[in-house]
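Undergrad: Have a look at this one.
The numbers here are math on the coordinates, done by the rules we state, and not lab data. This structure is a prediction, so every number in the text was calculated from the model and none was measured. Cβ placement follows ideal geometry from the backbone for every residue including glycine, while neighbour counts extend to all protein chains displayed.
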Amino acid sequence: MTTSDAGEPRVTIHHASGSTFAIGHGAHAETHHHAAPARDQATEELLAAVRELRADLRRVRSDAATAALDAELADTEAEITGTGTAGCTRRERLRELLADSQALLTVLASAGTVAALVGL
């Protein structure tokens, strides 16, 4: 802690990632760390397929359809890693985007894997 020109205490926090703190009279802080949610085998397979398809999409020429699919795949990956599952709405959106990308399905085996895992 240092003192400002006016004589008031000054605190500088350079990095507080993963920290909990409270400032001021009567302040209260609590930290709750939760383990990553457990995933079932089907969700693990979907996550692996989503990651593989995203990697494959980087190897093809991007257009609006592949960009939309990649964005949805990224959201799916984030949802699975954050909650342990991909909800029905997310799976339905993937089905729609994959159905719109039938030409891509014939070129990329990974797209066919994701399509099968979401019920297309």
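Undergrad: Under the Karplus relation 6.51 cos²θ - 1.76 cosθ + 1.60, θ = phi - 60°, what is the ordered set of whole-Hz ³J(HN,Hα) values for region 60-69, x standing for Gly and Pro?
TA: 10, 5, 7, 9, 4, 5, 5, 5, 5, 5
Undergrad: To the nearest 0.05, what FRET efficiency results for GLU45 and ILE23 with a Förster distance of 41 Å applied to their C-beta separation?
TA: Numbers: r = 46 Å, r/R0 = 1.13.
With R0 = 41 Å, the Cβ-Cβ based efficiency is 0.35.
Undergrad: Further, regarding this structure: Along its principal axes, what span do the Cα atoms of region 69-120 show, with the longest given first and each in whole Å?
TA: Between the extreme Cα coordinates on each principal axis of region 69-120 lie 31, 16, 15 Å.
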